[in-house]
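The values are calculated or read from the model by the stated rules, or taken from the named source; none is laboratory data. Being a predicted model, the structure only gives us computed values, none of them experimental. So basically every Cβ, Gly included, is an ideal-geometry build from the backbone, and we count neighbours across all protein chains shown. Ligands, DNA and RNA are stripped out before the accessible areas are found, and what is left, the full protein with its side chains, is counted by its heavy atoms. Shrake-Rupley method; radii C 1.70, N 1.55, O 1.52, S 1.80 Å.
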Amino acid sequence: MENEQRRVPLIRFEGFRDDWEQRKLKELFKTSKNKNNNGLYNQTDILAASLGTELIPKKIFFGLKSTEESVKNYRIVKKGDLIYTKSPIKGFPNGIIRTNKGTIGIVPSLYCVYNLQKDINPSIIQLYFEDKNRLDSYLFPLVNVGARNNVNITDLEFLEGNVILPKSSEEQSKIAQLIEQLNTTITLQQRKLELLKKLKRGSLQQMFPQNKESVPKVRFADFDEEWEQHKFFDNIENIIDFRGRTPKKLGMNWSKDGYLALSALNVKNGFIDPKVDAHYGNKKLYDKWMRGHELRKGQVLFTTEAPMGNVAQVPDNKKYILSQRTIAFTLKKDKITDDFLATLLRTPKSFNELTSLSSGGTAKGVSQRSLSQFKIMTPQRLIEQRQIGAFFKHLDDTITLRQQKLTLLKQLKKAFLQKMFI
């Protein structure tokens, strides 16, 4: 209550005690009238505005229908200007985005452009609106919602709303610097994550033989034998498949807790997501459902349809119920390893071949009959399989850790945006 009365945020840099002040946005900005009518840009060297921290490619703003004549009516965007996206496009929903790093660009008429009028850090305005709840509460009194949930608002109407900001330019700068430092760290983490994913995609192609090949292009030292082709089932001891089984057919029901059911919805590509399609069975249901077919750590799981082709491994020795549209493989240990099979099934070549063997229209499905026609290439020696499996397992673990770090950074930024602003 005290924070609301005094107009101070929950988290604040030391040394700042003054109340924040409420301002109309039109006191800080005015609608830009700077149109691209001076021949500065042409069809071959159009630049888009620099939004956020990246220069957005011109193809996002300009399609093939853009002409040299049409871009003359686009507005010029300069350093410190604000852009409001009146209609959402890919990657940019309705909202405020500021220009960055002084890059001059142009934007089409679906954007409102505002020129800075007061001595205020434009970053603080962008950050103020990055919290969706704060943006919605600002826009709601000003707009009408259209059929596509676009925000229908004129340039001038947008400026009529109020914002609550620090009086001190030093406090504005400190907040902006902190969030921008976080943005930089997040961007670096995203790039590292993408590089790891790119490495994995390339390795899945390079470390497995392609069509009509008997050896991969890249392999570990001391292995030079040709790989061997086998029918898929030659490597499988048993397939655990409870297709069509439901608690109701067993005279029982799901529980609020207990043993997690693994389905085609929560078996993702490379991991289990327990938050999706979370159904549980008690001990009685588990014993009746899984007796004699208990899953073990490392066992390969495969989704047969909706979606088809997701591959994961049982993450631990907890008890799981194998549910809808998901099967598990018990392998011939002298033929193939779990980690190698999990990797093999996730290669583009395997996915494409399984897709060609699948049936159905939009929702493709793979039956055991389809799998009986599936052929795979495997190294002759299990030790090579183990090294390949271990390599990709380590790569997956590294990707997971990087993704977790990125998620934590984004959560930290979200918390700052909520608690460092009113």
Residues of the range 345-400 satisfying the condition of being in a helix (DSSP H, G or I) and without any contact (Cβ under 8 Å) to a residue 12 or more places away in the chain: Asn352, Ser356, Arg369, Ile383, His394, Asp397
Filtered residues of the range 228-237 (kept if open to solvent by 80 Å² or more (accessible area, probe 1.4 Å) and polar (S, T, N, Q)): Gln229
Hits in the range 238-271 - residues which are part of a loop (DSSP other than H, G, I, E, B), among the charged types (D, E, K, R) and either open to solvent by less than 50 Å² (accessible area, probe 1.4 Å) or under 29 Å from Leu371 (Cα atoms) (or both): Arg243, Arg245, Lys268
Per-region count, the range 3-56, residues open to solvent by less than 80 Å² (accessible area, probe 1.4 Å), modelled with pLDDT under 90 and of a type in the set (Asp, Glu): 2
Matching residues, the range 272-310, being crowded, with 16+ Cβ neighbours inside 10 Å, within 25 Å of the chain's Cα centre (by Cα) and of a type in the set (Gly, Ala, Ser): Gly309
Yes/no for Gln324 being open to solvent by 60 Å² or more (accessible area, probe 1.4 Å) and not small (Gly, Ala, Ser): no
Candidate set from the range 303-318 (those that are part of a loop (DSSP other than H, G, I, E, B) and under 10 Å from Val267 (Cα atoms)); member that is modelled with the highest pLDDT: Val314
Output for the range 208-237, where each listed residue is charged (D, E, K, R) and part of a strand (DSSP E or B): Glu228, Lys231, Glu237
